[in-house]
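To keep things clear, I will list the structure first and then write my remarks on it.
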């Protein structure tokens, strides 16, 4: 039996570290010692502040979540660690798991994805974000030479932009209210615009800002007969849209995309594990380091979540260092 430290949301707006036992791995399981976890800022801020709508309490559950919304709940899904015991084929491997912030844990061997050679452990915490971006682009279906706008330069939007930039001939513009994202866009190899300068008549528009203003802009950015892929998570916040303006005359479409299920365009041929493994391989691209912000000790997690939930904008992905836990 191993004792682990885990982060729990004790009540909306307040978290704490708890000690909990971790059993020995059984057949087809692995014991993972965490190296780094990552804070998925938008979703985890929604959870930390207790803003998951009651209707979504079951659908919003993370794969290895404990407790329930609004609290107490152990939530998170960006975890990279080393396999210390269990399935022989994975012993000593660095792996990504959709697991909350915890120093050590047991999970099914089938639930972990080996981190490919050439992907540093800290960068690998982005696997979950890149997996979401893969699914969004499967839903969007961009083509050669498309003019693509990504509204919202958060962790997901930046991941979408970088992957889309690899499509031959594609013109990708990342749009955000924060002028500081210009430097991030440059590192990702895409154009940048603030909302007032956002290009129009785009072939593909992906919205990830989680704001009403961003979704309104996405509709303005799309070309006639265009489709906006809505990949934001609004929690319990209502959204008002100008559907009485030119929405109908321009025959616009808003389509949801989320990572809980593989895109319908690939569902018959790809599993969620296939999608996660693809995301891990794509992280061989060092440009994704542009998404990594500061690193904090696991001891600071309660304060870190409180600060990140209170401050809009800022860094994209804060990593949590567990190596001395």
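The values are calculated or read from the model by the stated rules, or taken from the named source; none is laboratory data. Fair warning: this is a prediction, and the values are worked out from it, not measured in the lab. So basically every Cβ, Gly included, is an ideal-geometry build from the backbone, and we count neighbours across all protein chains shown.
Observations on the structure shown:
- Residues of the stretch 231-263 that are within 15 Å of the chain's Cα centre (by Cα), in contact (Cβ under 8 Å) with a residue 40 or more places away in the chain and surrounded by fewer than 14 Cβ atoms within 10 Å (Cβ to Cβ): 260 alone.
- Filtering the stretch 119-131 to residues that are over 12 Å from residue 98 (Cα atoms) and touching a helix residue (DSSP H, G or I) at 6+ places or on another chain (Cβ under 7 Å) leaves 119, 123, 130.
- Among residues of the stretch 32-53, those that are in contact with a strand residue (DSSP E or B) (Cβ under 8 Å, 6 or more places away or on another chain), within 22 Å of residue 319 (Cβ to Cβ) and not in a helix (DSSP H, G or I), counted: 9
- Any hit, the stretch 266-280, residues being outside the structural domain of residue 180 (by TED's automatic domain parsing), assigned to a loop (DSSP other than H, G, I, E, B), without any contact (Cβ under 8 Å) to a residue 60 or more places away in the chain and under 30 Å from residue 220 (Cα atoms): no
- Residue check, residue 114 touching a strand residue (DSSP E or B) at 6+ places or on another chain (Cβ under 6 Å) and closer than 27 Å to residue 193 by Cβ: no
- Residues (part of a loop (DSSP other than H, G, I, E, B) and crowded, with 23+ Cβ neighbours inside 10 Å) located in the stretch 108-153: 112, 115, 119, 152, 153
- The residues listed here are 316, 305; of these, the one that is at pLDDT below 95, in contact with a helix residue (DSSP H, G or I) (Cβ under 6 Å, 6 or more places away or on another chain) and surrounded by 14 or more Cβ atoms within 10 Å (Cβ to Cβ) is 316.
- Failed item in (1) in contact (Cβ under 8 Å) with a residue 40 or more places away in the chain; (2) in contact with a strand residue (DSSP E or B) (Cβ under 9 Å, 6 or more places away or on another chain); (3) farther than 26 Å from residue 146 by Cα, with residue 297 passing the rest: (1)
- Exclusive hit being closer than 20 Å to residue 237 by Cβ, touching a residue at least 40 places away in the same chain (Cβ under 8 Å) and in contact with a helix residue (DSSP H, G or I) (Cβ under 9 Å, 6 or more places away or on another chain), set 73, 30, 80: 73
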